[in-house]
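Below: the structure, in structure tokens.
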Amino acid sequence: MSDKMEVNLSGVKQSKGVWLVKVPKYLSQQWDKATERGEVGKITIGKKQDKTEVCFSLNAELSALGAVGEKDGTLQVPRDHPFTMHTVGGQTMAVFSQSDTDEISLEGMVVHRAECRPVVNDSYMKLKKLQIEESTKPQRFSQQLERAITTVFKPVANHDFNVEYEKKKKSEGKMVRAERQVVLDMLFSAFEKHQYYNIKDLVDITRQPVTYLKEIMREIGTYNSKGAHKSTWELKPEYRHYQSAEEEEEMQTT
């Protein structure tokens, strides 16, 4: 409920006290099976030794509805559910309703709290046994199929990205080492255009195996492991045909 949502309090004076009752899950499930505005059961209120006794009896049709077959008969939902009454205490609780137009209205204040518990009999014990058995069943299980299923996803021998990777790997594996001087000429020609290259670009330019290319670059180049040109190669000073920015500045000052 939003903090800014308005609540209709026009029926506060006419509102009556309501009971807040906790019921078993199976009982609420049976209520959901009832037809619209159908009777789900009856509540009886009596006195015994000056003590109020309240009991809810589930409709006989709902008790049998959705019954589970057993070897020795039919399992039915327990019908009789006595109330265990509790005091509201110092709490202030209310019941609100929400209409189709999202209007919130106050229906009443909680005046009694109670727990709706079933009578422990054979019917109830069979129900609990069934619930325990259902809870211990594995959620997933293996099943042998008589024929292949063609209407859902089928596994493939190899995925597209794996095929592309293998193709690229084979292509690189077929790279033949060129003569050392030929590779040097290609590298020097490339570094005439740019000062920095990563190893992937050098492989694309020379079409040489990575290990062979790195071996040559260690002799004529320097690898930048940090700085603005991290993970790139450049020629050693003695192989450069250009001057660095510092060298140019020194030449101009002299």
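The values are calculated or read from the model by the stated rules, or taken from the named source; none is laboratory data. Just so we're clear, the structure is a prediction, and the values are computed from it rather than from any experiment. Positions of Cβ are backbone-derived with ideal geometry, glycine not excepted, and every protein chain shown enters the neighbour counts. Just the protein is used for accessible areas: all its heavy atoms, side chains included, with ligands, DNA and RNA removed. Shrake-Rupley method; radii C 1.70, N 1.55, O 1.52, S 1.80 Å.
Computed quantities for the displayed model
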item: First in segment 180-194 and open to solvent by 80 Å² or more (accessible area, probe 1.4 Å), second anywhere and of a type in the set (A, V, I, L, M, F, W, C) and modelled with pLDDT of 90 or more, Cβ under 8 Å, 6 or more apart; result: R180/I216
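A quick yes/no check of all residues on (1) touching a residue at least 40 places away in the same chain (Cβ under 8 Å); (2) among the aromatic types (F, W, Y); (3) open to solvent by 90 Å² or more (accessible area, probe 1.4 Å):
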residue	(1), (2), (3)
V21	yes, no, no
Y26	yes, yes, no
D32	no, no, yes
G41	no, no, no
I45	no, no, yes
K51	no, no, yes
F56	yes, yes, no
N59	no, no, no
L62	no, no, no
